[in-house]
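Colleague: Just passing along the structure, written as structure tokens.
The values are calculated or read from the model by the stated rules, or taken from the named source; none is laboratory data. Computed from a predicted structure; not experimentally measured. Because the Cβ atoms are built from the backbone with ideal geometry, glycine has one as well, and the counts that use them run over all protein chains shown. With ligands, DNA and RNA removed, areas are computed over all heavy atoms of the protein, side chains included. Shrake-Rupley method; radii C 1.70, N 1.55, O 1.52, S 1.80 Å.
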Amino acid sequence: MTPVPLSEARHLPVWRRPIALLALMAIAMPLSFATWSALLNNFVIEVASFEGKHIGWLHSVREIPGFLAIGVILVLLLVREQVLALVSLALLGVATAITAMFPSLGGLLFVTLLSSIGFHYYETVNQSLQLQWLPKDRAPQILGWLVAVGSAATFVAYACIVVTWRTYDLPYGLVYAVAGVLTLGITAWCALAFPQFESPNPQVKKFVLRRRYWLYYALQFMSGARRQIFVVFAAFMMVERFGYDVHEITSLYLVTLVLSMVATPIFGQVVARFGERNALTFEYIGLTFVFLAYGGLFWFGWGVVLAATLYVLDHIFFGFAFALKTYFQKIADPGDMAPTAAVAFTINHIAAVFLPAALGYLWDSSPGSVFGLAAGMALTSLALALMIPRHPEPGNETVFSGVVAAPAE
């Protein structure tokens, strides 16, 4: 198939344009990943008899492909980014479909590793494609819209679980299989219905680590470390400490998603108007208080209503996270999108590889301390976010750029 230049894509029918492809992929990924996440904590506790240290090891293994996302650069020497995105989605779908066939620590580590390769390589390439295909002046709004589309797909997955789980006493295997097959079906359509799109800026297919991107790298590192604590332990806490069943934890996810679907497109407009620095500052201040309150659940014995509220608030604040993408889009060379997306994913997952396993042991003895550590990470992220200039661009990457000239590359 002859690649279609991005400038010519506007002549295609709306349903075959790049934004339509991004939207379909935004739907396909969460159908598998959201279902896997919704069932995971109940599945590992009820079927595999996991404790804190076990869930920690599971998530550490899950983050290894994220840490190795830099390998995307090597894969791109052989295949196009668009092809790699779809192959990765297909792998995620297959791994999700077979998850319940491996109800042991070793089996779950194996299948989780497979699904994680699909998820992380897809996310790496998808971020690169978004930054290449979306115009800078409209990127915040469109990214907000794409997040909302993904949230809508997740909403459908969660709603189906809530409505059918107790009514039909569904087995874990059936739900995982249906979710994986749906992802595979959408991925197949994307492969057959869309042409290969050619970006006007060929991507550098080698390792790229630039000094002037240092603040972006630092923010990515802190984001991965801080976010990992929430992903691993927040929902696990709801099941282990407060006894949430599958339909109850999924209902909590559902409430979160409804709010995210409404708020995220608005957040895109907020980022466009007030800038990445203000958006990220607001996010990190909010997360600091959220994590401190999480610690209070253990230190002061606060109840389940507050725990559920904090879970929702965390996701609302996370809606501003794409401001980090648009910050990089504004400061980066056009050809750096793909290699830097891979490098950024690796940096984002440095702490994620060892933190879950290490903190899993701390969780078993002092769970409040885990969230106290997360609050400290949020404060560190806040300090870094304040270094973003109001109008970032090449040569003006940080508030210090006008004082100290960037070293020559």
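Colleague: What residues have an amide H closer than 5 Å to that of E198, excluding those fewer than 5 places away on the same chain, when H is modeled at 1.01 Å from N in the peptide plane?
Modeller: V4, L6
Colleague: In addition: Taking amide H atoms as placed 1.01 Å from N in the peptide plane, list the residues 5 or more away in sequence, or in a different chain, whose amide H sits under 5 Å from that of N396.
Modeller: For N396, no residues qualify.
Colleague: Can you give the charge dipole size of the chain about its Cα centre, rounded to the nearest 20 debye, using +1 on the beta carbon of Lys and Arg and -1 on the beta carbon of Asp and Glu?
Modeller: Around 800 debye, computed over the chain.
Colleague: Which whole-Hz couplings ³J(HN,Hα) result when phi for each residue of region 298-306 is put into the Karplus expression 6.51 cos²θ - 1.76 cosθ + 1.60, θ = phi - 60°, listed in order with x for Gly and Pro?
Modeller: 3J(HN,Hα) across region 298-306, in whole Hz: 9, 6, 10, x, 5, x, 5, 4, 5.
Colleague: Another question about this same structure. Bin width 10 Å, origin at 0, all Cα-Cα pairs of region 3-56: what percent of pairs per bin?
Modeller: Values per bin, smallest distances first: 20, 28, 18, 15, 15, 4.
Colleague: Quick check on the chain: what does the Kirkwood estimate of hydrodynamic radius come out to from the alpha carbon pairs, in Å?
Modeller: So the Kirkwood estimate lands at 21.6 Å.
Colleague: If you don't mind, there's one more thing I want to ask. Using a 1.4 Å probe over the heavy atoms of the protein chains, calculate the carbon and sulfur portion of the accessible area of region 77-131 as a whole percent. All intermediate terms of the calculation are to be shown ahead of the outcome.
Modeller: Details: 1470 of 1850 Å².
Its accessible area is 79 percent carbon and sulfur atoms.
Colleague: When the Karplus curve 6.51 cos²θ - 1.76 cosθ + 1.60 is applied with θ = phi - 60°, which whole-Hz ³J(HN,Hα) does each residue of region 285-293 get, with x for Gly and Pro?
Modeller: Working through the residues one at a time gives 5, x, 5, 4, 5, 4, 5, 5, 5 Hz.
Colleague: Scan around V47 for amide H atoms under 5 Å from its own, H built in the peptide plane at 1.01 Å from N, and keep only partners 5 or more places away or cross-chain.
Modeller: Placed amide hydrogens put nothing under 5 Å from V47.
Colleague: Tell me what the chain gives for mean residue ellipticity at 222 nm when only DSSP H runs of n ≥ 4 count, each as -39,500 (n - 2.57), the sum divided by the residue total, rounded to 500 deg cm²/dmol.
Modeller: Value at 222 nm, helices only, nearest 500: -25000 deg cm²/dmol.
Colleague: Keeping all protein chains in place, calculate the accessible area per residue for region 1-156 (probe 1.4 angstrom), answer in Å².
Modeller: So region 1-156 comes to 38 Å² accessible per residue, rounded to a whole number.
Colleague: For region 204-255, what does the accessible surface come to per residue with a 1.4 Å probe? Please give it in Å².
Modeller: So region 204-255 comes to 37 Å² accessible per residue, rounded to a whole number.
Colleague: Still on this structure, I have one more. On average, how much accessible surface per residue is there in region 327-370, in Å², for a 1.4 Å probe, leaving out ligands, DNA and RNA?
Modeller: 26
Colleague: Note down the net charge around A378, summing +1 for each Lys or Arg and -1 for each Asp or Glu among other residues with Cβ under 11 Å from its Cβ.
Modeller: Summing Lys/Arg as +1 and Asp/Glu as -1 gives 0.
Colleague: Percent of accessible area on region 218-268 owned by carbon and sulfur, 1.4 Å probe?
Modeller: Of all accessible area on region 218-268, carbon and sulfur atoms account for 67 percent.
Colleague: Moving on. To the nearest Å, what is the center-to-center distance of region 135-153 and region 50-78, using C-alpha atoms only?
Modeller: Each part reduced to its Cα centre gives a spacing of 26 Å.
Colleague: Let me ask something else about it. If you take the C-alpha gyration tensor of region 75-114, multiply each eigenvalue by 5 and take the square root, what semi-axes do you get, largest first, in whole Å?
Modeller: Those come to 26, 10, 4 Å.
Colleague: Right, another one. With N set to the number of residues, divide the alpha-carbon radius of gyration of region 268-409 by 2.2 N^0.38 Å and report two decimals.
Modeller: 1.22
Colleague: When the accessible area of region 132-190 is computed with all protein chains present and a 1.4 Å probe, what percentage of it is carbon and sulfur?
Modeller: 70
Colleague: Something else about it: Along the charge dipole of the chain, which of A139, A193, N126 sits closest to the positive end, that is, farthest toward it, with unit charges on the beta carbon of Lys, Arg, Asp and Glu (+1, +1, -1, -1)?
Modeller: After comparing all options, I get A139.
Colleague: Students often check this: by mean Cβ neighbours within 10 Å, which of 294-306, 76-88 ranks highest, and how do the rest follow?
Modeller: Answer by packing, highest mean first, reads 76-88, 294-306.
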